[in-house]
1. Run lengths n ≥ 4 of DSSP H only: what is the helix-derived mean residue ellipticity at 222 nm for the chain, with -39500 (n - 2.57) per run over all residues, to the nearest 500?
2. Each label point is 7 Å from the Cα along the Cα-to-Cβ direction; what then is the distance between the points at S270 and E141, in nm?
3. Compute the length gained on full extension between H44 and E170: take 0.36 nm times their separation in residues and subtract their Cα-Cα distance, giving the result in nm to one decimal.
4. For labels at E231 and E217 in the simple 7 Å Cα→Cβ model, what's the distance in nm?
5. Starting from segment 25-127, pick out the trypsin sites (Lys or Arg not before Pro) whose DSSP state is loop and whose Cβ has at most 12 other Cβ atoms within 10 Å.
6. Who wins for biggest fluctuation among F295, F100, F81 in a Gaussian network model of the chain, springs between alpha carbons below 10 Å?
7. Sticking with the crude label model, points 7 Å out along Cα→Cβ, report the distance from D282 to E27 in nm, one decimal please.
8. Note the count of lysine pairs whose C-alpha atoms are less than 20 angstrom apart in the chain, limited to pairs 8 or more residues apart or on different chains.
Amino acid sequence: MKLYRLETVSWLDSQLLYHALPRLGREGLILLSPATPYVCIGYHQDAEQEVDMTYCQDHSIPVLRREVGGGAVYLDGEQLFWQLIIHRDNPLVPVGKEAFYRRFLEPPIAAYRALGIPAEYKPVNDIVAHNRKVSGTGVGEIGDYIIFVGNLIVDFNYEMMARVLKVPDEKFRDKVYKTIYENLSTIRREVEQVPPTEELWTLMADSFAELLGPLDEQTAVDDEWRAKANELAARFLTDEWLFKGGRRQEGRRLKVRAGVEVVHKVYKASGGLVRATTEVRDGVVESVELSGDFFFYPPAKLDELEDALAGVRVDEVEPTIVRFFAAEGVESPGVTPADLARVVG
């Protein structure tokens, strides 16, 4: 298999090249990072629903939709990408997606461990260290080829990640920033001294070679590959591709890592609009903020209800609210415990 060690490329090439290679009938491992920042959304997402397009346009941040699933993410040169294109009939490919992740996440896990970071696999597709995600990964299929992409995160712009997302309000944005910062780590946060980037590229190449076997290293994009990437650009850069027009979702749900989500829901009860921003960890409410234009008596009890819901399983939220109303003598005309439970988690 060929190793395409391209290192720094244009932001557009950092996506188009791995889309083009399987269309040429080639396997390969690509190592690269983008020269400038951009936002990339998942295959099943619609840019208008996921990204603050006005902010991105005003700040000259391109937005691209990829053919690999997952969520919207802010990408820049502090993230070193691996992009593996492998035929589905390659004997290294196991049966089942989880088995695939387990096998092909071994190289980046080994690379992190070589840096002194205690990385480990967390199903289905995360690499974590100290219970924080340290790599974003995804799998897709193009023709008869499986596409596996991921990154070593040297550093991460948490503020910009939270800023480029389309959110219902600034309170939700603040929660997104806090949750991402607490649940996503970087090489720079984990080790005292970050090795030179050249050493990190070599470490990744050597780690993948342990699994894939000897790799024939190339450092340039050949003419056939370039022509196919340019052909794809004509489609990937159109509004028709970017604005998929997918089904509108109720509220907003942002996955931070396996088991950790920030959720925003809104419901119009007979007594007024009810909204909640909830951090959910492994099916348990970590924290919740309730708001809206409803009435709640005594008013101070709303804060106490938020505290009472922390640590409660999502499927136990409604019974917990019912008990709280009864124990605290709460009245909320037109807003029932069931209405409040509907927006939590």
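FYI, it's all coordinate maths here, none of it is from the lab. A quick note: this is a predicted structure, and the numbers were derived from the prediction, not measured. Glycine also receives a Cβ, built like all others from the backbone with ideal geometry; neighbour counts cover every protein chain displayed.
1. One gets -10000 deg cm²/dmol as the mean residue ellipticity at 222 nm.
2. Between S270 and E141, the simple spin-label model gives 4.9 nm.
3. Using 0.36 nm per residue and subtracting the Cα-Cα distance, I get 42.8 nm.
4. A separation of 3.1 nm, rounded to one decimal place.
5. Here the sparse-neighbourhood loop sites are R88.
6. Maximum among the listed residues: F295.
7. The modelled label-to-label distance comes out at 3.7 nm.
8. 22
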